[in-house]
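Report on the structure given below.
The values are calculated or read from the model by the stated rules, or taken from the named source; none is laboratory data. Keep in mind that this is a model prediction, so the values were computed, not measured. Quick reminder, even Gly has a Cβ in these numbers, built from the backbone with ideal geometry, and neighbours come from all protein chains shown. Remember, those area values only see protein heavy atoms, side chains included, never the ligands or the DNA or RNA. Shrake-Rupley method; radii C 1.70, N 1.55, O 1.52, S 1.80 Å.
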Amino acid sequence: MNRFRVLFPLAGLLVGLTAGWVLFPALLYRTEEQPLQFSHAVHTDTGGMACADCHSFDADGRFVGIPTTAQCASCHADVMGETENEKRFVEEYVKTNREVPWKVYARQPDNAYFPHAAHVTRGGIACERCHGPHGTMNTLRPYQVNRITGYSRDIWGSSIGRVGMEPWEGMKMDDCVRCHRETERARACLDCHK
Amino acid sequence: MPARYGMVIDLDRCTGCGNCTVACAVENNIPPGPPGVTDRTGITWMRVYEADNGEGFPETQSAFVPVMCMQCEEHTPCVSVCPQNAVEVDPETGIVGQIPERCLGCRYCMAACPYHARYFNWWDPKWPEGMEKTLNPDVSPRMRGVAEKCNFCHGRLHTAREKAAAAGNAAIDPADYVPACVESCPTQAIVFGDLNDPASEVAKLSRDERAFRFLSRLGTEPKVSYLSSRAWVRSLADRVLARDQKEEARG
């Protein structure tokens, strides 16, 4: 009898915790598929392209971000390989001259301002420091969006408790500031907000 | 040395055309007000007031006075009253920054501002169909319930900094950072620049004998000055109302 008194609440707690740990993220985040699968590895590893071939800066130092379909068309005017993905890309986007509505994992809220030129060009920070192995991956992982804020899950990071994450995971205001403390950069609110 | 951005506005040149107010609204994504909006509930980071010398015809003279946030350097009234730390004076630029995402909408800052240069979002921003395509991506639109004001087109400072960073330069080229009102003024009545740079035009003009600042008796050290060679215009600057002497800004 006494043993149940102790075990029962403990078991309840365990069930509650597990449910919370597993269910909460599922409730908080909605998973969406990318409109098209894209392999960075095919282009950067096998193809030997540099990141800057696709992710460049314009004349004013503004980061262009994800390339437009026109930039891919020089190679993909017609289907070259056997893959279903490439066929879809050429037929649905290149031939119709449409942009792929990529879901951007790293996208910050509209009121946050992030300059790539300061970090990459002048600061010499590697892409991997903030984006992990994205540039060498073979597939695109599912995109997860916070149902309440509409922000990408990558802003918070994969772990709800923010423990045991890779160093590049999570890009909340605190994460920006933690790195800036070392270099005494961007201390005013309007430096990072617009 | 950190910059101290400031402005000098020549009231003898200003014709009151209002170009600056329009350029400001376009640059900073300020939506057109809904029907029924008044000059108290609408948002005009930059506003042109008309003043006259009080004489009858034919002695009447008038002046137009563009007024925006004066970027008070000392005892900045909106900073000291903000319960949210949503306003700060950037030590690197001297620009008084309002952070709408931090603002809770109490409007103390609007009451505290001696220049009535702060505005409140009584409505969520709405643009007429199609006009949202002309929004400036460098400035985030604000939501209902927060205060806002001029920040010397801070989005343009971002752009200038990015250009400098891409070229590997630590400092921006001053020619790359010009607020929209300055650029749009057809009589070039507004001069903008770094007051800490003694060689800059703005620093020279701010020491001109025609120069004055509004409500300088409050001791808030505004970084916007005005120029006029007309004594009655200069006398507007410290016109004292009935409440004389009592006003004093405390930090």
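Looking at segment B:2-69, the GluC sites (Glu not before Pro) that sit in a DSSP loop and have at most 13 other Cβ atoms within 10 Å of their own Cβ are B:E55, B:E59.
Residue by residue, segment A:172-178 carries 3J(HN,Hα) couplings of 7, 3, 4, 5, 4, 5, 4 Hz when phi is fed to the Karplus relation 6.51 cos²θ - 1.76 cosθ + 1.60 (θ = phi - 60°); x denotes Gly or Pro.
In segment B:29-140, Cα pairs under 8 Å separated by at least six residues give a relative contact order of 29 percent.
Can you give the average number of partner chain beta-carbon atoms within 10 Å of each beta-carbon in peptide A:114-121, as a whole number?
Mean number of neighbouring Cβ atoms from other chains: 4.
Name the shape class, rounded, prolate or oblate, that the alpha-carbon gyration tensor gives for segment B:5-250, where a ≥ b ≥ c are the square roots of its eigenvalues, rounded holds for a/c under 1.5, and otherwise prolate holds if a/b is larger than b/c and oblate otherwise.
rounded
Here the relative contact order of segment B:5-250, from alpha carbon pairs under 8 Å that lie six or more residues apart, stands at 28 percent. Chains B and A together bury roughly 2000 Å² of accessible surface, counting both sides and using a 1.4 Å probe on protein heavy atoms.
In segment B:5-250, a dipole from Cβ-located charges (positive for Lys and Arg, negative for Asp and Glu) runs towards its positive end, and of B:V37, B:V96, B:P114 it is B:V37 whose Cα lies farthest in that direction. Checking the a/c ratio against 1.5 first, then a/b against b/c, what shape does the Cα gyration tensor give for chain A? Cα axes put chain A in the oblate bin. Using a probe of 1.4 Å on the protein chains alone, the accessible area found for B:K149 is around 10 Å².
Overall, the ratio between the Cα radius of gyration of the protein assembly as shown and 2.2 N^0.38 Å, rounded to two decimals, is 1.22.
State in Å² the accessible area per residue of chain B; use a 1.4 Å probe, count heavy atoms of protein chains only, and round to the nearest integer.
Result: 51 Å² per residue.
The label-point distance for A:T31 and A:L13, in a model that sets each label 7 Å from Cα toward Cβ, rounds to 3.1 nm. As a calculated quantity, the FRET efficiency between B:E50 and A:Q71 at R0 = 60 Å, using C-beta atoms, amounts to about 0.70.
Scaling the Cα radius of gyration of segment B:34-180 by the globular reference 2.2 N^0.38 Å produces a ratio of 1.23.
Return the distance in nm (one decimal) between the two label points of a simple spin-label model at B:E183 and A:E184, each offset 7 Å from Cα along Cα→Cβ. Between B:E183 and A:E184, the simple spin-label model gives 3.3 nm.
Averaged over the residues of peptide B:157-164, the number of Cβ atoms from other protein chains lying within 10 Å of each residue's Cβ is 6. Taking a point 7 Å out from the Cα of A:M173 in the direction of its Cβ, the residues of segment B:103-138 whose backbone N falls within less than 15 Å of it are B:103-105. Once backbone amide H atoms are built at 1.01 Å from N, B:S225 has B:M7, B:V8, B:I9 as its partners under 5 Å, excluding neighbours fewer than 5 places away on the same chain.
Considering only alpha-carbon pairs that sit under 8 angstrom and 6 or more positions apart, the relative contact order computed for segment A:92-194 is 30 percent.
Give me the inter-chain shielding for B:165-174: mean count of other chain Cβ atoms within 10 Å, whole number please.
Counting other chains' Cβ atoms within 10 Å and averaging over B:165-174 gives 4.
The accessible-area loss of segment A:159-191 on complex formation, taken against its chain alone with a 1.4 Å probe, reaches 30 Å² or more at A:R187, A:A188, A:C189, A:L190, A:D191.
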